[in-house]
Amino acid sequence: MFPDSAALLIIDVQKAIDDPSWGRRNNPQAEENIARLLQVWRQAKGRVIHVQHHSREPQSKYRPGQPGCDFKECALPMPGETVVTKHTNSAFIGTELEAMLWEGAHEQVVVVGVITNNSVEATVRMAGNLGFEVFVVSDATFTFDRRALAGTLHLAEDVHAHSLANMNGEYARIVSTAELESGWANVL
């Protein structure tokens, strides 16, 4: 179904993202879609890479040793699946991710996870700049309401849409879970 050159990259799907301090989010079905794609990828014996954020910020819910650092049930790594630990928003900074992808001949990267306008976008921009063909799954990513500097509230749906628009074209192609499930040929 998927070529050997395609890897599924799951970004920061950890329990910390459920903390109420984040506020209201969009795409409440994102975890279900991530789990669906993960199942499809596993059945196809495709390359799965889990990215786990280990924050160095003292108050972060993503700090190692806290329950929030653990993966959510929908994205638990299985034996043999790669886990990349990152300390910044981009999964390429200070990690071996780029080398792993090139060494595995993974020219295409399918990205799911959180937060759309933070770690997802930072990773996608770098992946695109590094020469990978990147696909962002719009309904398997999500973000939160954000306040602008002037105090205006921007709804998560709008923040998400703007982030996807930032990535679309130059850095990635935006696709849906259903498009990927219906076959790789449909997204190329």
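The values are calculated or read from the model by the stated rules, or taken from the named source; none is laboratory data. A quick note: this is a predicted structure, and the numbers were derived from the prediction, not measured. Backbone-built Cβ (ideal geometry, glycine too); neighbour counts: all protein chains shown.
In region 14-27, the residues that are farther than 25 Å from V83 by Cα form Cβ pairs under 9 Å with partners that are among the polar types (S, T, N, Q), at six or more places apart or across chains, as follows: R25/T143; N26/T116; N26/T143. For region 75-97, a tally of residues being surrounded by 16 or more Cβ atoms within 10 Å (Cβ to Cβ) and among the hydrophobic types (A, V, I, L, M, F, W, C) returns 5. Entry remark, region 127-172: residues being among the aliphatic types (A, V, I, L, M), crowded, with 17+ Cβ neighbours inside 10 Å and in contact with a Lys or Arg (Cβ under 9 Å, 6 or more places away or on another chain) number 7 in total. Restricting attention to region 62-87, the residues that are free of Cβ contacts under 8 Å to residues at least 24 places away in the same chain and either assigned to a helix (DSSP H, G or I) or within 16 Å of the chain's Cα centre (by Cα) (or both) add up to 2.
Among the residues of region 3-31, count how many are surrounded by fewer than 19 Cβ atoms within 10 Å (Cβ to Cβ) and either touching a helix residue (DSSP H, G or I) at 6+ places or on another chain (Cβ under 7 Å) or outside any helix (DSSP H, G or I) (or both).
Number satisfying all stated conditions: 9.
Scan region 129-179 residue by residue and report those that are within 15 Å of the chain's Cα centre (by Cα), under 13 Å from V114 (Cα atoms) and in a helix (DSSP H, G or I). Correct list: H160, S163, L164.
Quick grid of which residues meet (1) within 18 Å of K86 (Cβ to Cβ); (2) of a type outside the set (F, W, Y):
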site	(1), (2)
I115	yes, yes
S119	yes, yes
N129	yes, yes
F132	yes, no
F135	no, no
R146	no, yes
A161	no, yes
A178	no, yes
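For the residues K45, K61, the requirement of being at pLDDT below 95, more than 30 Å from S182 (Cβ to Cβ) and surrounded by fewer than 22 Cβ atoms within 10 Å (Cβ to Cβ) singles out K61.
Mind telling me which of the residues A105, A99, A91 ends up being hydrophobic (A, V, I, L, M, F, W, C), outside any helix (DSSP H, G or I) and over 22 Å from Y62 (Cβ atoms)?
Details: A99 fails: outside any helix (DSSP H, G or I); A91 fails: over 22 Å from Y62 (Cβ atoms).
Residue meeting the stated conditions: A105.
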